[in-house]
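Step one of this worksheet: look at the structure below.
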Amino acid sequence: MISKTAMAAGLFAALNICTFAARAEADVTPRTYTYGTPLDIRQVISMTQDDSVTCGIVDARMTYLDSTGATQVLDYRKFADGCNNDN
């Protein structure tokens, strides 16, 4: 019984963290990264990217906390994860 309760509590906590990150991201206007953009990243909350199975450039988004604890969202471009296996 205790293990089921502990697992349910852990699942509930994980779901709350995910919804907190989604709510925080919805309230913030994303900035687009350009070369030289100053970054103030204390803790990364989430990183997402467009789905791509091939190697190429994709759009990505990072949600993070800055040094004041405020949630920030940064859009940027990166090589897709499909490029990791190419030489």
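Under the condition of being within 11 Å of residue 40 (Cα to Cα), of a type in the set (Ser, Thr, Tyr) and assigned to a strand (DSSP E or B), the residues counted in region 59-70 number 1.
Within region 29-44, residues that are free of Cβ contacts under 8 Å to residues at least 12 places away in the same chain and more than 19 Å from residue 78 (Cβ to Cβ) reach no partner that is exposed (fewer than 12 other Cβ atoms within 10 Å of the Cβ) and not charged (D, E, K, R) with beta carbons closer than 7 Å at six or more positions or on different chains. When restricted to residues that are of a type in the set (Phe, Trp, Tyr) and over 24 Å from residue 83 (Cβ atoms), region 27-73 contains 0.
Residues of region 26-38 that are exposed (fewer than 11 other Cβ atoms within 10 Å of the Cβ), part of a loop (DSSP other than H, G, I, E, B) and under 15 Å from the mean Cα position of the chain (by Cα): 27, 29.
Selection of region 40-87 for residues being in contact with a Phe, Trp or Tyr (Cβ under 9 Å, 6 or more places away or on another chain), surrounded by 15 or more Cβ atoms within 10 Å (Cβ to Cβ) and either closer than 13 Å to residue 28 by Cα or at pLDDT below 90 (or both) yields 61, 62, 71, 72, 73, 74.
The values are calculated or read from the model by the stated rules, or taken from the named source; none is laboratory data. A quick note: this is a predicted structure, and the numbers were derived from the prediction, not measured. Don't worry about glycine lacking a Cβ; one is built from the backbone with ideal geometry, like all the others, and counts go over all protein chains shown.
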